[in-house]
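*Asks:* Attaching a single structure in structure tokens format; questions to follow.
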Protein chains: 2
Amino acid sequence: MYRTHTCGELRIADVGKEVTLAGWVQAGRDFGGLTFVDVRDRYGITQIVFNMEDNAVLCEQARKLGREFVIQVSGKVRERSAKNPNRATGAIEIEATALHLLNPSKVPPFTIEDDTDGGDDLRMKYRYLDLRRTPVQQNIIFRARMGLETRKYLSDHGFLEIETPFLIKSTPEGARDFVVPSRLNPNQFYALPQSPQTFKQILMVAGFDRYFQIVKCFRDEDLRADRQPEFTQIDCEMAFVTREDILNTFEGLTKHLYREVLGIELDTFPRMSYDDAIAKYGSDKPDTRFGMEFVELNDVAQNQGFPVFDSAELVVGICAPGIADTYSNKDINALTDWVKRPQIGAKGLVYIKYQGDGSIKSSIGKFYTDEQLQAWGERFGARPGDLVLILAGEAEKTRTQLGALRLELGERLGLRDPKKVNPLWVVDFPLLEWDEEAQRFFAMHHPFTSPKKDDIERMQNGDFATMKSLRADAYDLVLNGVEIGGGSIRIHNRNLQSKNFDLLGFTKEEAEAQFGFLLGAFEYGAPPHGGIAFGFDRLCAVMNGQSSIRDFIAFPKNNMGRDMMIEAPSPIDQKQLDELSLRLVK
Amino acid sequence: MYRTHTCGELRIADVGKEVTLAGWVQAGRDFGGLTFVDVRDRYGITQIVFNMEDNAVLCEQARKLGREFVIQVSGKVRERSAKNPNRATGAIEIEATALHLLNPSKVPPFTIEDDTDGGDDLRMKYRYLDLRRTPVQQNIIFRARMGLETRKYLSDHGFLEIETPFLIKSTPEGARDFVVPSRLNPNQFYALPQSPQTFKQILMVAGFDRYFQIVKCFRDEDLRADRQPEFTQIDCEMAFVTREDILNTFEGLTKHLYREVLGIELDTFPRMSYDDAIAKYGSDKPDTRFGMEFVELNDVAQNQGFPVFDSAELVVGICAPGIADTYSNKDINALTDWVKRPQIGAKGLVYIKYQGDGSIKSSIGKFYTDEQLQAWGERFGARPGDLVLILAGEAEKTRTQLGALRLELGERLGLRDPKKVNPLWVVDFPLLEWDEEAQRFFAMHHPFTSPKKDDIERMQNGDFATMKSLRADAYDLVLNGVEIGGGSIRIHNRNLQSKNFDLLGFTKEEAEAQFGFLLGAFEYGAPPHGGIAFGFDRLCAVMNGQSSIRDFIAFPKNNMGRDMMIEAPSPIDQKQLDELSLRLVK
């Protein structure tokens, strides 16, 4: 061992000890007769003192140390005269008696400080230097603790961690697979798993009862800002359980993680139906840290002579507190432009200002009397000074648009408090989602999700409207408006699973070719079962109040799926292609 | 929850309780007025009694249950009149008052018993049924415990579990990579990691100090009996350490696993140099559960007129205890045929029988006197009744051949006691291995392994013989003759790493293209570091005294790399190929 202590360990009680530290030179400061060197490792920073009078050779050597040099230093712990209360080791310093340079360093391309001067690309290329910065290092350490506590909790609750294979079979349903050509089976391919879904169900059929895994999953999607081609899930499945058992177990896990890793106690998580979430927040992952719930106005706003509202399927608004008097016409015009951008797609924005002096000012004043608008205001619970904003149009789209506006205003008004933790279970999702373009149903969750018990009968011989109204025994966990994960009770009956494949447009042959093993397994004593998966990268980010998952991943890829440090992907040898019976199309 | 208790939980103290169990029908027995059903889950088996007098309808229902039907049953716990001491629940039974059939089952294609009648292929295809068999299920549960205890131990010792990427870069050095075509970067490929080697070294450069991961690795090799294309490693790396620190830490891990999972206390692990292991056992992974160490005879056997020995580089033998009188000429001829098989490749086998009556019988009796052979016997420590077997030829090959013979005899004589646990550290491996066919050196461990400190100087300007004699700071853990894992102190200096790439025949450009990021990282303050990796599948098997890793993997692949259950790999759609800019070569 190159050290007796870490750089974050020594305290005033250690004064007088002979110690040896090893680490990186954070900074050096030269004061004539004295040279100070801060040496850093992942545990902290300790100050070393070199004294020209005591040992001139050593002091000269110390003066030549550059940033990020790796050193081993020995000496005696002594009390500092000027203590640094911001540093755990700030009460002491080491009077150096020996110094070994273990490895020098070139000048780093960016500073190794909490706020670095390095741009994204540079930091990705020199990831090993970026990972030395305390905030990034702490994120990775946080993640390791999260993984450990997750495993502890689930193991204590009887779950077995069981590894499922990475080289599996490609199925066209769902997102795009990464595929792996097989050399031993020419012209055939494995696929990397998008999730261990079918395998964990097979484990339930096999009798393992309570399974979990913290596991990498893969999706070959066009990458958006915060998507990674490989990501990690906390993946779970339970047999002989109902929805309640699953929600309680994973609410327990979430509380355990907040308690053990952040020291935060959470109350019982509220639950909300999918329909309510859409009606109140225009989103199936509402941020419930603030109110501004939707109020529908069709009954009072229509048939009063305002054609925009009359022709709309839905008239719906939100009340933004306290900004009626401060939001100028210009501000409201800017907000109108914001909702009219193609990303949102609203046609216009109606406002009603309930001004501080009691008067009302509105863009629809010529269609409605003050008394009418006053009555609307009561519905919103608007108080003097509040601003009501209204959208109208096709119901589903309008709700989504108003949901976006609500979040934007919440952000602008500082209502999305990063210190608040608002978990929410969203339950009773639709089973099927109609895709207008493909003219077929897709599974909203996935094809293995069970309809709710009461809907199974209706599913057998329903028409289009019935199919749209079917409810799934599916649930999502939402934290501060971010979807952390979701799951469902699964189908465990062969006929019901076949019926579901039918509805999703699988032919019998397709269903058999892709999922025959699962259908087969259901014929040999499959127990009732269900499960859930949390996005581990995202959970780590959200628990830290951060929006990007990238800095919670040791080696993330950029938006083109490239690892900038190792320069992957890259061309391969012709010999490799030949062995795989593949040719490139240029 | 479908149950109040598991099928392995109820004891005599629970008599009188109203309980509900759920599980699989293991067996049913019909005795006129009484029907017994054994219901099974992963926790155990409980006997249920249905009484025709009390409830004829229920009893009739129970009689119709087939093997592997999934049922939920309620009733009262009562003491059994005829107890079953072989079963944890054998003191009680459940008097059934309600029975729900949760899912029927077709008749399984093989019996779900400890000793099944199912062949390998059938068991692989219906893996979900095979996994229900207690021995296989217990192996998977054992593995889960091993994973948990590994994580506990390493976390308690300051190691952080950090995930490294699966989509990395293909490098021609070493075994063959599985590759993954990139759609977003056409004509470029990722590779699946053969190990996280370079990433864990980068983590040391990044300052993480103590890293571990239980992680899947991939090798596209022609599969031998006990190889899997995907396998799991306990992968570790430490900074600011010497070999001693690493050996002690992972000796500690191994002891912890034996203690916590098997209740076995292990003593300090012996150490042996690579040279000694080869000289004494003809293997770098000797099974030290039994002796039969090699004795070299060149000095006494040569120049006595026996041409076979005279022309040999090495004359070497072993002493098999107690079989001189029982091994007939026929037996010895069979053994001679055994060593002459192409897999072993010896030219012949010389024997000396030190017979029980004190006389000597030998195939080389006409070249050596009894006095000479008696003196040889003393060297072997041979006692009356022992059989000495001697091989001669080129030194390296002869040692390997005798090593194989030693293991075979150990097996036949029952000396490889499955109850013994003999761990061994083999240390000081050669740095380089000369490949006659490729006419170049390969790294015996891998290209990142450091030469021993004393050999660095010699490495700089050595000739061929010097190169062959260089020693690496590398070590393997061997358990009962099985290599569990290995590791090394790594190079952390750019120039030394470049020199090593030179010796391995990399051009500067190749080294830069493949490992430029690592060479670069060594320029920015790389600490001294080293590590180790254990084969997790193999460790689980060896600790259970089993030779095959397959039944410690939930979903293994067969010798052609196929998953027989899901039928992977398989052809993919033309659309997928087009998106990947690939064409098949038929």
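*Asks:* Determine the share of chain B's accessible area contributed by carbon and sulfur atoms, expressed in whole percent, with a 1.4 angstrom probe.
*Replies:* Numbers: 11490 of 23820 Å².
Answer for chain B: carbon and sulfur cover 48 percent of the accessible area.
*Asks:* Also, quick follow-up: Given R₀ = 35 Å, FRET efficiency for A:E523-B:I264 by Cβ-Cβ distance, to 0.05?
*Replies:* 0.25
*Asks:* Okay, moving on. Tell me the total accessible area that B and A bury against each other, 1.4 angstrom probe, in square angstrom rounded to 100. Before the final figure, lay out the partial values.
*Replies:* Values: alone 29370 and 29390 Å², together 47660 Å².
Looking at B and A, the buried total is near 11100 Å².
*Asks:* Still on this model: Quickly work out the B:D310-to-A:K361 label distance, labels modelled 7 Å from Cα along the C-beta direction, and quote it in nm with one decimal.
*Replies:* According to this spin-label approximation, the distance is 12.0 nm.
*Asks:* Extending each Cα 7 Å along its Cβ direction at B:E411 and A:K468, get the distance between those two points in nm, one decimal.
*Replies:* Rounded to a tenth, the inter-label distance reads 6.9 nm.
*Asks:* May I ask you to report, in nm to one decimal and beginning with the shortest, the distances from A:F36 to the same position in the other copies, taking label points 7 Å along Cα-to-Cβ?
*Replies:* With the label placed 7 Å along Cα→Cβ, A:F36 yields 8.2 nm.
*Asks:* Based on Cβ point charges of +1 for Lys and Arg and -1 for Asp and Glu, what charge dipole magnitude is obtained for the range A:290-412 about its Cα centre, in debye rounded to the nearest 20?
*Replies:* Numbers: 13 positive and 17 negative charges, 76 e Å.
Roughly 360 debye, rounded to the nearest 20.
*Asks:* I've got another one for you. Can you list, shortest first in nanometers, how far A:K106 lies from the same residue in the other copies, with each label 7 Å from Cα toward Cβ?
*Replies:* Going from nearest to farthest copy, the values are 6.4 nm.
*Asks:* Check A:G118: other-chain or 5+ apart residues with amide H under 5 Å from its amide H, H built from backbone geometry?
*Replies:* Answer set, sorted by chain and number: A:T111.
*Asks:* Applying the Karplus parametrisation 6.51 cos²θ - 1.76 cosθ + 1.60 with θ = phi - 60° to the phi angles of the range A:423-433, what ³J(HN,Hα) value in whole Hz is obtained for each residue in order, glycine and proline being reported as x?
*Replies:* Karplus values, whole Hz, x for Gly and Pro: x, 7, 8, 9, 10, 6, 5, x, 6, 10, 10.
*Asks:* Magnitude of the Cβ-charge dipole of the protein assembly as shown, K/R +1 and D/E -1, about the Cα centre, nearest 20 debye? Mind dumping the intermediate values first?
*Replies:* Working: 146 positive and 172 negative charges, 65 e Å.
Magnitude of the dipole: close to 300 debye.
*Asks:* Using a Förster radius of 41 Å, what is the FRET efficiency between A:E510 and B:N559 based on their Cβ-Cβ separation? Nearest 0.05, please.
*Replies:* Numbers: r = 30 Å, r/R0 = 0.72.
That pair, A:E510 with B:N559, gives E of 0.90.
*Asks:* Rounded to the nearest 0.05, what FRET efficiency do B:K499 and A:R29 give with R0 = 35 Å and r taken as the Cβ-Cβ distance? Could you check? Numbers along the way, then the final one.
*Replies:* Values: r = 37 Å, r/R0 = 1.06.
E(calc), rounded to 0.05, equals 0.40.
*Asks:* Around A:R440, which amide H atoms from residues at least 5 apart in sequence, or from another chain, sit under 5 Å from its own amide H, with H modelled in the peptide plane?
*Replies:* Close amide H contacts, sequence-distant or interchain: A:D435.
*Asks:* Output wanted: per-residue J couplings in Hz (rounded whole) for the range B:208-218, from phi through Karplus 6.51 cos²θ - 1.76 cosθ + 1.60, θ = phi - 60°, x for Gly and Pro.
*Replies:* 7, 6, 9, 10, 8, 6, 9, 9, 6, 10, 9
*Asks:* I'd like the trypsin sites (Lys or Arg not before Pro) in the range B:357-395 restricted to DSSP loop residues with at most 10 other Cβ atoms within 10 Å, sorted by number. Working shown, then result.
*Replies:* On the way: sites: B:K361, B:K366, B:R379; in loops: B:K366.
Here the trypsin sites (Lys or Arg not before Pro) that fit, given the DSSP loop and packing criteria, are B:K366.
*Asks:* What full-extension length gain, to one decimal in nm, is calculated for B:Q460 and B:Q372 as 0.36 nm per residue of separation minus the Cα-Cα distance?
*Replies:* Numbers: separation 88, 0.36 × 88 = 31.68 nm, distance 4.80 nm.
Gain on stretching B:Q460 to B:Q372: 26.9 nm.
*Asks:* Here is a follow-up. Please tell me the relative contact order of chain B in percent, rounded to the nearest whole number, where contacts are Cα pairs under 8 Å and at least six residues apart.
*Replies:* Numbers: 1068 pairs, mean separation 73.2, N = 586.
This gives 12 percent for chain B.
*Asks:* Using modelled backbone amide H atoms (1.01 Å from N, in-plane), which distant-in-sequence or interchain residues come within less than 5 Å of A:I48's amide H?
*Replies:* Result for A:I48 returns A:V37, A:D38, A:V39, A:I94.
*Asks:* To continue, here is another question. Measuring label to label, 7 Å along Cα→Cβ, what does B:R583 give against each other copy in nm, shortest first?
*Replies:* For B:R583, the other copies' label points sit at 0.4 nm, shortest first.
*Asks:* Looking at the range A:8-65, which GluC sites (Glu not before Pro) are in a loop (DSSP not H, G, I, E or B) and have at most 10 other Cβ atoms within 10 Å?
*Replies:* When the GluC sites (Glu not before Pro) of the range A:8-65 are filtered for loop state and at most 10 Cβ neighbours within 10 Å, A:E53 remain.
*Asks:* Using θ = phi - 60° and the Karplus curve 6.51 cos²θ - 1.76 cosθ + 1.60, what whole-Hz ³J(HN,Hα) does each residue of the range A:35-49 get, with Gly and Pro shown as x?
*Replies:* In residue order, the calculated couplings are 10, 9, 10, 8, 10, 10, 9, 6, 8, x, 10, 10, 8, 10, 10 Hz.
The values are calculated or read from the model by the stated rules, or taken from the named source; none is laboratory data. Note that the structure is predicted; figures quoted are calculated from it, not measured. We place every Cβ from the backbone using ideal geometry, glycine too, and count neighbours over all the protein chains shown. All accessible areas refer to the heavy atoms of the entire protein, side chains included, with ligands and DNA or RNA removed. Shrake-Rupley method; radii C 1.70, N 1.55, O 1.52, S 1.80 Å.
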